[in-house]
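The values are calculated or read from the model by the stated rules, or taken from the named source; none is laboratory data. Bear in mind that the values here come from a model prediction, so they are computed numbers and not experimental data. Don't worry about glycine lacking a Cβ; one is built from the backbone with ideal geometry, like all the others, and counts go over all protein chains shown.
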Amino acid sequence: MTPALSAAENEVADLCVELIRADSSNYGDGSGPGERAAAEVVMARLAEVGIEGTYIESAPGRGNVITRVEGSDSSLPALLVHGHLDVVPANAADWSVDPFAGELRDGYIWGRGAVDMKDMDAMMLALLRQLKREGRKPRRDIVFAWVADEEAGGVYGAKYLTANHPELFEGVTEAISEVGGYSLEVDPSLRLYLIETAQKGLSWLKLIADGTAGHGSMLNSDNAVTELAKAVARIGEHDWPLTYTATVRQFLTEVADAFGIPFDENDPQPILDKIGPLVRFVGATLRHTTNPTQLDAGYKANVIPGQATAVVDGRFLPGFEDDFFKTVDSLLGPKVRREFIHHDIALETTFDGALVESMIAALKAEDPTARAIPYCMSGGTDNKTFFADLGVRGFGFVPLRLPADMDFASMFHGVDERVPVEALQFGVRVLDRLLLNY
Ligand SMILES: [Zn+2]
């Protein structure tokens with residue numbers, strides 16, 4: 001007999017649909033609708049069960065909601081559970097459904113944000129409502145935060161809140177949020193759950209070459225365009241060596257073990273082949289990367305400009321930042337200098353401790369075939385923003401048990417983004433165990 005669904009399992013899909021319908025597309029230039037409508041859904045659903053959320057607008061329409069659930073043991077540090085309310089825009093013409101209708105079809109909820117990350121927003125909301133209705137208390141304080149602007153750097157969300165309202169996060173030492181906790185099926189008796197414990201750092205570099213300006217018909221041995229082009233080619237073509245952080249080494253060892261293949265440090269490709277489309281998340285975490293993305297120089301065919309510039313998107317591994325810049329500088333050469341357009345940190349935490357043990361136990365209780373493994377992601381999330389400002393140890397943990405054939409990675413910012421309703425219900429059960437017992 002199938003056990004009856006809990007209240008949270010019952011309503012999590014409806015809440016997810018409601019949040020998807022509240023279009024919160026973030027164009028990154030302030031032209032979008034903002035997160036107010038989505039934040040109002042959260043506020044209203046909290047109010048319905050007697051929870052007074054704190055609504056904070058960082059700018060008109062940029063809504064954030066925070067609420068703290070008091071734990072039974074005030075000596076324990078608090079846990080932050082956060083989700084962003086904004087989504088990346090969707091071009092409806094490319095989709096099979098209206099991306100903002102939240103359509104239910106074939107057991108899936110379709111729509112922008114279904115996995116990034118109104119799924120988690122809805123799970124948080126469903127759980128909180130259930131806790132309140134049942135009058136249960138977690139052991140430690142749990143701060144629930146639904147925030148704005150993650151997709152454009154968190155300026156109106158996590159950054160704003162940590163800078164202007166740090167008191168809301170008092171006592172918080174750890175956090176869970178996107179992108180991790182999803183399953184990769186090895187065979188029917190073993191599912192790996194990838195928990196994100198590390199993120200690469202980001203460095204957008206402006207390269208500047210100064211030379212001698214002059215007429216295009218004359219001899220010129222100090223041409224800024226030539227010098228810049230050489231540096232850009234060196235950096236773009238650089239074959240960054242395989243560099244294993246502790247997290248990536250552990251990840252590859254675990255995957256190799258699960259699939260029964262050896263881990264050859266000189267050729268990890270057979271392991272990466274085993275994880276299928278998820279390679280999108282981790283493929284770039286075995287080395288630094290530097291991709292030239294913009295070029296700018298000159299204004300006329302016969303005028304040699306005095307300066308030429310380029311932009312490089314650099315991503316460095318946690319713990320190897322010095323190594324990264326040392327190599328970048330050697331590739332620039334003596335005639336090209338660099339400036340930061342944007343620079344943030346890399347993160348890496350260890351896969352141990354009570355929170356990790358609790359995540360593993362909660363997964364195993366709901367899926368006996370579960371084996372949790374840590375991984376590093378090549379992109380960044382709000383965990384970085386919170387971590388940097390508040391010293392919070394962050395994990396990517398949105399538990400979802402996925403069908404073996406689902407291409408989950410392509411859902412993020414993808415066309416026809418969708419999430420299985422059963423995966424949401426699974427997630428609610430796992431989070432319920434985690435938040436109550438930890
Ligand atoms: Zn996201």
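Checked against (1) assigned to a loop (DSSP other than H, G, I, E, B); (2) of a type outside the set (A, V, I, L, M); (3) over 15 Å from residue 143 (Cα atoms), residue 119 passes all but a single condition, namely (1).
In the condition set (1) in a strand (DSSP E or B); (2) under 26 Å from the mean Cα position of the chain (by Cα); (3) more than 16 Å from the ligand (Cβ to nearest atom), residue 202 is compliant with all but (3).
Among the residues making up the range 400-412, those that are away from the ligand (no atom under 16 Å from the Cβ) and surrounded by 17 or more Cβ atoms within 10 Å (Cβ to Cβ) are 401, 402, 406. Restricting attention to the range 34-71, the residues that are part of a helix (DSSP H, G or I), in contact with a Gly (Cβ under 7 Å, 6 or more places away or on another chain) and of a type in the set (Val, Ile, Thr) add up to 1.
Step by step: first the residues of the range 334-363, then only those that are surrounded by 19 or more Cβ atoms within 10 Å (Cβ to Cβ) and small (Gly, Ala, Ser), then the one that is nearest to the chain's Cα centre (by Cα). Which residue is that? The residue in question is 346. In the range 381-406, the residues that are over 15 Å from residue 356 (Cα atoms) form Cβ pairs under 8 Å with partners that are among the polar types (S, T, N, Q) and within 15 Å of the ligand (Cβ to nearest atom), at six or more places apart or across chains, as follows: 381/177; 381/199; 382/177; 383/177; 383/199; 384/199. Candidates 105, 136: the one that is more than 16 Å from the ligand (Cβ to nearest atom), in the same structural domain as residue 429 (by the TED database), surrounded by fewer than 24 Cβ atoms within 10 Å (Cβ to Cβ) and modelled with pLDDT of 95 or more is 105. Looking at 430, 415, 392, just one residue is away from the ligand (no atom under 16 Å from the Cβ), within 16 Å of the chain's Cα centre (by Cα) and β-branched (Val, Ile, Thr), and that residue is 392. State all residues of the range 142-154 that are away from the ligand (no atom under 15 Å from the Cβ) and either at pLDDT below 95 or surrounded by fewer than 21 Cβ atoms within 10 Å (Cβ to Cβ) (or both); if no residue qualifies, say none. 143, the sole residue that qualifies.
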